[in-house]
Each structure stands twice: as C-alpha cells, then as structure tokens.
Amino acid sequence: MAAWMLWCVAVVALSSLACGMSKHQRDIFTSPISAQNSRCFEIVGWSVLLLSAVAAIYLKGASIGLSEWLGCITFGALAVGLLLTYHPKKLLQANVIAAALFGLLLILSLI
Amino acid sequence: MRVDGKNEGPRQSMSWLHTWTSLLLGWLLYAVFLTGTLSFFQNEITVWMKPELHQSVNTTSQQQQLTYALQYLNQKGQSAESWNIRFANERQPAIMLNVRQPGEGRRRGGEIYLDAQTGHEIKARETRGGGFLYRFHFELYGMPRIWGRWIVGIATLLMFVAIISGIITHKKIFKDFFTFRPAKGQRSWLDAHNATAVFALPFHIMITFSGLLLLMHLFMPWAMNTHYGNVRNFYQILNEPIAQTPEQARLLAEQKQKEAAEEGRGNRGGGRRGEAEQAAPVLAAAPMVNLTTLSQSVQQGWGDNPISSIRVNKPNTIEADVQFNATRTTTLLDRESVPSLKFNAVTGQPIDEAKPVNSASKAIYTLVTWLHMARGVDSVLRWLLFLSGVLGTMMIASGLILWVVKRILDVQKLGYKPFGHRVVEVLNITAITGLPIACAAYFFANRVIPAQLAERSPLEINVFFIVWLLCLIHAAVRAHRPAWLEQLALAAAMFLFIPILNLVTGGQALWMSIYHGQWMIASFDLVCIILGLIFIYSYYKLKRYQGLPVKQKKQPKAQSAQEQA
C-alpha cells in the first residue's frame with residue numbers, strides 16, 4: 001500500500017518535472033508556458049520527490065526506504081513516459097486520478 | 001585508437017566501445033538478466049514445479065505447524081545432528097523440514113514437506129525447479145563451475161563498462177528523460193533502449209556492481225590470499241564474532257575450544273570430517289522445553305515480522321539449542337539485522353551469542369549484495385526488483401535489435417546480407433524469443449515427464465537446452481521476419497497454455513489458488529498469462545508492420561520489418 005502511495009506521489013512529481021521541460025510543454029499545454037512557470041514546475045517536482053524520499057526513509061529506514069523509493073520512481077517515470085507518448089493532453093487528468101488514489105490509500109491506511 | 005585507424009572524439013570512442021562490447025556479450029547478458037530476474041522468484045518457481053505441494057493450504061497457525069513438524073521430527077529424526085523447520089509462508093505453501101544426520105556436511109536437497117493443514121508428509125517430485133535458472137544465471141551449465149563464473153563475471157564487467165559508456169554515449173538520456181517516439185524505426189528502438197536504461201538506472205548499476213562484488217574472490221583473490229592465506233579464511237575472519245560482554249566472551253571461548261577439539265579428532269582420524277564426527281561421543285538424552293510456547297513468546301516480541309525458520313541443534317540431548325529466525329530485515333546495512341534469537345533447548349534460557357561487528361565497507365557490501373539477492377526484503381521490494389529486472393532484460397533486447405535496425409539501410413545499399421549481419425539476426429531471435437520458449441519448455445517438461453521417474457531433473461534441463469537449440473536452428477533456417485513471427489506465436493501459445501497445463505497435471509487451478517490465497521502459485525500462472533499476452537501483442541504489431549514509409553527513392557523494405565516487434 002505504501003509503495004502504491006509512493007508511486008502516486010512519483011507520478012505527480014515527475015509529471016510536474018515534465019511540465020517544466022520545454023520539450024514536453026508543447027505536447028502538454030495548449031498555450032505557451034512562461035519561463036517563471038517552468039521554474040515553478042521544476043521546484044514543485046523536485047520538492048515533492050525530496051519530501052517523498054524523506055517520508056520513505058522515515059517510515060522504512062534509509063536502506064530499505066530509499067531502495068523502495070528508487071523502485072517506485074522507476075515505475076512512476078515509466079507511467080509518465082508512456083502517458084506523454086500516447087496521451088500528453090490527459091496528463092492533468094491522470095495526475096488528478098493519481099492524487100485521488102493517493103488520498104484514498106492514505107485514508108485506508110490511517111483507518 | 002580504433003582498430004580501423006580513424007580519429008575520433010571521446011564520445012565517439014565510447015559509442016564504439018558501447019556498441020561492440022555490448023553486442024559481443026549481449027546475448028549472454030540477456031540470458032543472465034532473464035534467468036536472474038526469474039530467480040527473484042525462484043522459491044515460487046520451485047513451488048509451481050512441485051505441484052504435489054499445491055494441495056497444502058496455509059491456514060493453520062505457526063504453533064499448529066510447529067506441532068506437526070516436531071511430531072514428525074521426534075518420530076523420524078531422533079538421532080539427527082540438527083533440524084531445520086521452515087514454516088509455510090507467503091512464498092511457500094507447505095512446511096519444509098531439513099534433517100541433517102551426524103557426519104553430513106551442509107548440503108542442498110533432501111527437503112521433507114509437510115502439509116500445513118494436516119501435517120501429513122508430501123512426497124514432491126524430484127526437480128531442480130527455480131534453482132536451475134538461478135544457478136544458470138551465474139555459472140551457466142554443463143561446464144566446470146569456475147569457468148561459468150568467469151564467463152558470467154567477464155560479461156558482468158563488460159556490462160558495467162557498457163552502462164558507463166552508455167551514459168556517456170547517449171548523453172541526452174537525462175534531457176530526453178520522458179521521450180519515446182513510437183513507430184519511427186531506429187529512433188523508436190533507441191528511445192526504448194534509453195528509457196528502459198535510464199528509468200531503472202540505479203537498479204542496473206546496483207545489480208551489475210553487486211554481481212561483480214559477489215564474484216570478487218574470483219577476480220581479485222590476491223589481497224585476500226596474501227593477507228589471510230586463502231579466500232575462505234578472509235570471509236571467516238571478516239565475519240568473526242566479537243564478544244561485547246563477559247558472558248559472550250565465555251561462550252565464544254567455549255565454542256572455540258569445542259571446535260578445536262573436533263578438529264583435533266578429525267586430524268587424528270586422518271580421514272574426512274564425516275568419519276571424524278561419527279566417532280564423536282554420544283550425548284546423553286534430555287527432554288527439550290516446549291518449543292511451541294517458546295516460539296509464541298518469540299513471535300510476540302517480533303510483532304508483524306513472522307518467524308521464518310527454527311533450527312534445532314543436537315535435538316533431545318543435553319547440548320540441544322534452538323534458534324529462531326525472522327523473515328524480514330529492518331535494514332540492509334547490517335548482515336546481522338534479520339532478527340534471530342537463540343535458546344538453550346533444555347532449560348529455555350536465552351543464549352546471548354557474540355556477533356560480528358559491522359563496518360562501513362561491510363555495510364556497503366551487504367546493502368548491494370542483499371538487494372541483488374533480494375534477501376530479507378518484503379514482497380513489495382521483491383516485486384520492484386523483479387520488474388526492474390524485466391526493464392533491464394528489455395533494455396538488452398532493445399539494444400540488440402537496435403544494432404540490426406541501425407544497419408538495415410547499409411545492408412540494403414549493399415544489396416545482400418553480409419554473413420555477420422545474418423549471424424546477429426539469428427542470434428537475436430534465438431536469445432530474445434528462443435530463451436523464453438526454452439523456459440516455457442522447461443516448465444512443460446516438469447509436468448509431462450512422469451513424477452516418479454528416477455533422475456528426472458536432468459531430463460527437464462535437457463529439454464530446456466534442446467528446445468533452445470531447436471530455436472537456434474529454426475531461426476537460422478527460416479527467413480528473418482517469419483522466424484520472428486513464428487517464435488513469437490509459439491512463445492505466446494506456450495505461456496498462455498501454462499495455467500491450463502498446471503490445472504490438468506495436478507497443480508492448483510488458478511481460480512482455486514486465488515481463492516485459497518496461495519499467491520505464490522497464482523502469481524506464477526498470472527505472470528505467464530501476462531507474458532503470453534505481451535508475445536501476442538508483439539506478434540500482431542510485427543504482423544501489421546509493413547516497413548517504414550519510404551523517405552528515399554528506395555523500394556519498401558519487406559525483410560526489415562522486425563522493428564515493431
């Protein structure tokens with residue numbers, strides 16, 4: 001469950017990073033993105049990634065936590081990569097779904 | 001300096017290095033990656049290959065299972081040197097016992113299985129199971145072990161070279177992190193190669209580096225030999241327990257004394273260790289404490305980390321001791337981090353044994369090698385490692401195909417296929433689809449060869465290699481495109497048939513294994529179905545593919561069409 005939550009977070013963070021890359025902006029957005037906004041996307045992406053790493057280390061210890069974190073990032077990147085290839089315009093929707101799934105899993109694990 | 005004498009920059013030379021080292025060992029590395037990836041689940045594969053065990057449904061408590069095990073062992077393993085009891089768990093449906101008789105060394109095999117529900121003994125068929133694939137991935141087969149290890153080790157070294165030179169060659173991999181451009185021939189294969197490489201890059205580095213570390217005693221024995229006499233001494237001294245308390249020091253001294261005495265006996269006997277131990281004095285019998293209640297209190301202390309195995313040394317004698325081992329570790333940085341407790345089995349007093357101390361270099365070694373072997377990790381990390389291994393296998397496959405695709409235009413200009421190009425094509429097919437077919441054939445052989453047949457496990461392995469050889473012949477005889485199509489179709493058919501085969505040859509049907517929560521069996525069938533679907537998808541993708549839209553004034557390429565496979 002924690003791994004799926006981590007995966008959701010990775011999807012959101014990596015999507016944000018992709019939004020900050022000029023290369024993908026044409027595919028994702030209909031209007032051009034300012035340099036400032038690109039920077040924002042980058043900062044958000046990296047901070048979420050970092051925060052999730054800290055959470056993973058806190059929950060499972062440095063060695064296991066970081067190993068799992070890297071594994072989840074791998075498959076988060078795979079998901080974002082496939083999404084950008086085949087449905088770049090649906091990236092936002094996919095992120096909403098990932099965030100909702102994360103929330104749902106969070107509630108389930110807290111109960 | 002290049003063999004052909006041309007000048008070049010560092011990136012080009014890296015590219016050259018990357019292409020040729022990878023091609024040379026790509027097929028071997030593909031085989032190592034594929035069988036190695038399967039080895040993350042070698043327990044599960046072995047369980048699937050012993051369908052007799054499927055009837056054992058793990059619904060009983062560990063206390064009940066321990067009672068069954070002790071019942072059996074007290075009857076049939078009375079005079080044993082040691083007992084090892086492995087409980088049924090999420091990776092194993094039955095209770096597994098090992099009985100070591102006096103004078104026997106440590107060895108594999110000889111497992112006794114008990115039904116977790118009834119406690120009756122289950123006679124499982126003789127097979128190497130997942131162990132064959134596991135052994136194959138680092139020492140190959142049919143040659144002296146050392147040779148196999150050297151060959152795989154050199155391939156690993158070149159894999160490490162390929163990873164580093166690959167990062168430099170495809171320097172855009174980080175800039176192109178999410179980029180995949182499908183249906184563009186060579187470009188798509190390069191993207192796929194880059195994506196599978198860069199997404200799982202930490203895994204690739206970890207698995208290759210730790211692979212080298214695991215074989216370090218083979219490649220660089222000099223320091224160990226000079227300082228410690230030999231490799232075995234090195235590891236022994238490295239893991240020498242160090243006493244922290246007076247009590248531990250006392251136990252350690254006692255143990256050393258005993259070992260020295262045993263060794264002395266062995267030397268005087270002049271023979272092998274086995275003969276020496278038979279001459280050991282018979283220990284007086286003594287009743288053991290109630291191990292079931294002891295295990296209960298141990299389990300309470302460990303919470304949700306279940307006891308994985310119990311080892312009883314010198315059972316039912318005055319020197320009996322019992323050790324409990326947990327399933328998971330709390331950190332991958334310490335060899336001693338999987339919780340374990342030892343007790344005097346007669347008095348029930350805990351034995352506080354000295355343990356080796358940790359150091360930074362040992363921590364790094366433990367971290368990467370335990371990840372490599374997925375030791376002490378939970379099922380989540382095991383699946384992540386497995387899936388990363390799948391990505392690695394795909395990375396190698398796409399790299400091999402890329403080599404061919406990249407040279408198609410040149411070959412067409414040439415007007416005929418050079419022999420070398422044809423060899424690469426044939427070997428690509430033999431490796432990429434031939435090896436999965438051979439694995440499927442291994443599973444088929446496991447179920448078709450009669451279970452009672454003596455010496456049946458070498459037969460299974462022979463089927464594996466014969467089918468692989470047939471794939472090679474088929475790829476060599478048939479033209480390129482039909483060879484791909486036919487092998488993809490065969491692979492799809494075989495993998496999709498495996499769950500049915502499981503059902504009709506005495507295994508637990510997929511719906512029943514899911515119903516009983518026997519995921520170690522169900523996931524094998526499910527993964528086979530998924531593999532079958534992937535092969536079907538590749539088949540149709542290739543079947544529909546009619547070559548790239550023609551850019552130059554050239555004829556459409558009929559033969560070059562494996563690009564979408």
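Readers should treat all values here as calculations from the given coordinates under stated rules, not as data from a laboratory. From a predicted model like this one, the values you see are computed outputs, not experimental measurements. Don't worry about glycine lacking a Cβ; one is built from the backbone with ideal geometry, like all the others, and counts go over all protein chains shown.
Just from its helices, what would the mean residue ellipticity at 222 nm be for chain B, if runs of 4 or more DSSP H residues each count -39500 (n - 2.57) and the sum is divided by every residue, rounded to the nearest 500 deg cm²/dmol? Mind dumping the intermediate values first?
Numbers: 22 runs with 329 residues, N = 565.
Value at 222 nm, helices only: -19000 deg cm²/dmol.
If the chain between B:Leu218 and B:Val477 were fully stretched, how many nm would it gain, using 0.36 nm times the residue separation less the Cα-Cα distance? Write out the running numbers ahead of the final one.
Numbers: separation 259, 0.36 × 259 = 93.24 nm, distance 3.97 nm.
Between B:Leu218 and B:Val477, full extension yields an extra 89.3 nm.
List the residues whose amide H sits under 5 Å from the amide H of B:Thr317, counting only those 5 or more places along or on another chain, with H placed 1.01 Å from N in the peptide plane.
When sequence neighbours closer than 5 places are left aside, the close amide H contacts are B:Ala286.
Once phi is turned into ³J(HN,Hα) by the Karplus curve 6.51 cos²θ - 1.76 cosθ + 1.60 with θ = phi - 60°, what whole-Hz value does each residue of the stretch B:372-384 show in order, with x for glycine and proline?
Those phi angles translate into 4, 9, 6, 8, x, 9, 7, 5, 4, 5, 4, 5, 4 Hz.
Mind checking which of A:Ser38, A:Ser63, A:Ser15 has the largest fluctuation in a GNM of chain A, springs on alpha carbons under 10 Å?
A:Ser63
When you look at the Cβ of every residue in B:482-493, what mean number of other chain Cβ atoms sits within 10 Å? Mind dumping the intermediate values first?
On the way: counts 0, 0, 0, 0, 0, 0, 0, 0, 0, 0, 0, 0.
Taking all residues of B:482-493 together, the mean is 0.
Long-range amide H contacts for B:Ser308: which residues qualify at under 5 Å (H placed 1.01 Å from N, peptide plane, sequence gap of 5 or more or a different chain)?
Residues meeting the criterion, in which the H sits 1.01 Å from N, are B:Asn325, B:Ala326, B:Thr327.
What full-extension length gain, to one decimal in nm, is calculated for B:Gln71 and B:Gln244 as 0.36 nm per residue of separation minus the Cα-Cα distance? Intermediate values should be presented prior to the final figure.
Numbers: separation 173, 0.36 × 173 = 62.28 nm, distance 3.78 nm.
Result: 58.5 nm gained on full extension.
With an 8 Å cut-off on Cα pairs and a minimum separation of 6 or more residues, tell me the relative contact order of chain B in percent.
Details: 803 pairs, mean separation 99.6, N = 565.
Here the relative contact order equals 18 percent.
Rounded to the nearest 10 degrees, what's the angle between the helix B:62-76 long axis and the longest principal axis of chain B, both from Cα atoms, 0 to 90?
Helix B:62-76 sits roughly 70 degrees off the main axis of chain B.
Counting Lys and Arg as +1 and Asp and Glu as -1, each charge on the Cβ, what is the dipole of the stretch B:407-565 about the Cα centre in debye, to the nearest 20? Each step should come with its number before you reach the end.
Numbers: 15 positive and 7 negative charges, 220 e Å.
It comes to approximately 1060 debye.
Efficiency by 1/(1 + (r/R0)^6): what FRET value for B:Leu409 and B:His120, r their Cβ-Cβ distance, R0 = 60 Å, to the nearest 0.05?
Numbers: r = 66 Å, r/R0 = 1.10.
My answer for the efficiency is 0.35.
Please give me the summed charge of the neighbours of A:Ala53: other residues whose Cβ is under 15 Å from its Cβ, Lys and Arg +1, Asp and Glu -1.
Details: positive: A:Lys60; negative: A:Glu68.
Here the count lands on 0.
Please give the charge dipole size of chain B, origin at the Cα centre, charges +1 on K and R Cβ atoms and -1 on D and E Cβ atoms. Round to the nearest 20 debye.
Numbers: 56 positive and 37 negative charges, 551 e Å.
So the magnitude is around 2640 debye.
With θ taken as phi - 60° and the coefficients 6.51, -1.76 and 1.60, list the Karplus ³J(HN,Hα) couplings across the stretch A:96-102 in order, rounded to whole Hz; mark glycine and proline as x.
4, 4, 4, 5, 5, 4, 4
Going by a ≥ b ≥ c, the root eigenvalues of the Cα gyration tensor, does the stretch B:111-239 fall in the rounded group (a/c under 1.5), the prolate group (a/b larger than b/c) or the oblate group? Mind showing how you got there, number by number?
Values: a/c = 2.57, a/b = 1.35, b/c = 1.91.
Because a/c hits 1.5 or more and a/b fails to exceed b/c, the stretch B:111-239 counts as oblate.
Among B:Ile473, A:Ser31, B:Leu526, pick out the residue whose Cα is farthest towards the positive end of the charge dipole of the protein assembly as shown, where Lys and Arg carry +1 and Asp and Glu carry -1 on C-beta, about the Cα centre.
A:Ser31
In Å, what Kirkwood hydrodynamic radius results for the stretch A:2-110 from the alpha-carbon pair distances? Could you put the intermediate results ahead of the total?
On the way: mean 1/r = 0.0703 Å⁻¹.
Evaluated over the stretch A:2-110, this radius sits at 14.2 Å.
Could you work out how far helix B:186-199 tilts from the main Cα principal axis of chain B, as a 0 to 90 degree angle to the nearest 10?
That works out to roughly 20 degrees.
Apply the Karplus parameterisation 6.51 cos²θ - 1.76 cosθ + 1.60, with θ equal to phi minus 60°, to every residue of the stretch A:27-39 and state each ³J(HN,Hα) to the nearest whole Hz, in sequence, with x for glycine and proline.
Each residue's phi maps through the Karplus curve to give 6, 7, 9, 8, 10, x, 10, 6, 4, 5, 5, 4, 4 Hz.
Does anyone have the angle between helix B:435-448 and the longest principal axis of chain B? Alpha-carbon axes, 0 to 90°, nearest 10?
50 degrees
Normalised by the residues of the stretch B:396-531, what does the relative contact order come to in percent, with Cα pairs under 8 Å and at least six apart? Could you put the intermediate results ahead of the total?
On the way: 103 pairs, mean separation 32.1, N = 136.
With pairs under 8 Å counted, the relative contact order is 24 percent.
When the Kirkwood hydrodynamic radius is evaluated over all pairs of different C-alpha atoms of the protein assembly as shown, what value in angstrom, to one decimal, is obtained?
Details: mean 1/r = 0.0355 Å⁻¹.
About 28.2 Å, per the Kirkwood formula over Cα pairs.
Which of the three applies to the stretch B:407-565, rounded, prolate or oblate, going by the alpha-carbon gyration tensor with a ≥ b ≥ c and a/c under 1.5 meaning rounded? Numbers along the way, then the final one.
Values: a/c = 4.17, a/b = 1.93, b/c = 2.17.
The shape class here is oblate.
Could you work out how far the C-alpha centroid of the stretch B:204-227 sits from that of the stretch B:24-102, in angstrom?
So the separation of the two Cα centres works out to 29 Å.
Can you tell me, using C-alpha contacts under 8 Å and at least 6 residues apart, the relative contact order of chain A as a whole percent? Mind showing how you got there, number by number?
Values: 114 pairs, mean separation 46.4, N = 111.
Answer for chain A is 42 percent.
So for the pair B:Ile205, A:Ile57, with labels modelled 7 Å out along Cα→Cβ, what separation do we get in nm?
1.6 nm
Quick one: putting +1 on the C-beta of Lys and Arg, -1 on the C-beta of Asp and Glu, what dipole do you get for the protein assembly as shown around its Cα centre, in Debye to the nearest 20?
Values: 62 positive and 40 negative charges, 586 e Å.
With only Lys, Arg, Asp and Glu charged at Cβ, the dipole is about 2820 debye.
Taking +1 at the Cβ of each Lys and Arg and -1 at the Cβ of each Asp and Glu, which of B:Pro93, A:Val54, B:Val404 sits farthest along the dipole of the protein assembly as shown towards its positive end, judged by Cα position relative to the Cα centre?
Value computed over the given set: B:Val404.
Say R0 is 45 Å: what FRET efficiency, to the nearest 0.05, do A:Ala2 and B:Gln236 get from their beta-carbon distance?
On the way: r = 39 Å, r/R0 = 0.86.
Efficiency at R0 = 45 Å is approximately 0.70.
Could you please state, rounded to a whole Å, how far the C-alpha centre of the stretch B:328-365 is from the C-alpha centre of the stretch B:498-514?
The stretch B:328-365 and the stretch B:498-514 have Cα centres separated by 40 Å.
Efficiency by 1/(1 + (r/R0)^6): what FRET value for A:Leu82 and B:Ala360, r their Cβ-Cβ distance, R0 = 30 Å, to the nearest 0.05?
Taking R0 as 30 Å, the efficiency between A:Leu82 and B:Ala360 is 0.15.
How far is it, in nm, from the label point at B:Lys541 to the one at B:Ile168 when both lie 7 Å from their Cα along the line to the Cβ?
Between B:Lys541 and B:Ile168, the simple spin-label model gives 3.2 nm.
Out of A:Ala3, A:Ala100, A:Gly71, whose Cα points farthest toward the positive end of the dipole of the stretch A:2-110 (charges: +1 Lys, Arg; -1 Asp, Glu; placed on Cβ)?
A:Ala100
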